[in-house]
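One structure is given here, and the rest of the page talks about it.
FYI, it's all coordinate maths here, none of it is from the lab. Here the structure is a predicted model, which is why all the values come from computation and not from measurement.
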């Protein structure tokens, strides 16, 4: 699952009146410790919007985030959501990938694990050079 897909699912149920840029920033802030938050505050709204829309990869930033993840903090946030929100998030994530097996009672843990996998995969992804990016 890509960050864009994951963020889109969560935004549908948790985005309220936030812009996609603000939501993406809040999402990344919710999963990281205090040490990395100044870096996240410096990122432009356009960059956050590009992360959300899938026009920009998390590969660059993920290398700086991976050592500062607070997955329990993110899980606690999701655990506090209503049952219908957790059920809807789970159903939507399961439609994208049935192996997720997300339900009301494990939504917070499953989403934290999915988020961790997304950041880890982005961290391990080989960055394309500008010349490679133009070939695609």
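Contact order normalised by length for the stretch 23-74, with contacts defined as Cα pairs under 8 Å and 6 or more residues apart; what percent is it?
Once divided by the residue count of the stretch 23-74, the mean separation gives 55 percent.
Given the stretch 1-82, what whole percent of its Cα pairs are spread farther than 14 Å?
Roughly 63 percent, rounded to a whole number.
Give me the Debye-computed log₁₀ of I(q)/I(0) at q = 0.22, 0.29 Å⁻¹ for the stretch 28-76, equal point scatterers on Cα only, no solvent, two decimals.
Ignoring solvent entirely, the Cα scatterers give -0.83, -1.17.
Using only the Cα atoms of the stretch 18-136, what do you get for the radius of gyration and for Dmax, in Å?
In order Rg, Dmax, the Cα atoms of the stretch 18-136 give 15.2, 48 Å.
With an 8 Å Cα cut-off and a minimum separation of 6 or more residues, compute the relative contact order for the chain in percent.
Relative contact order for the chain comes out at 30 percent.
In the Gaussian network model of the chain, springs joining C-alpha atoms below 10 Å, which of 122, 112, 26 carries the largest mean-square fluctuation?
26
Determine the equivalent ellipsoid of the stretch 60-117 by diagonalising the alpha-carbon gyration tensor, then write out the semi-axes as square roots of 5 times the eigenvalues, largest first, rounded to whole Å.
Each semi-axis is the square root of five times an eigenvalue, giving 22, 14, 8 Å.
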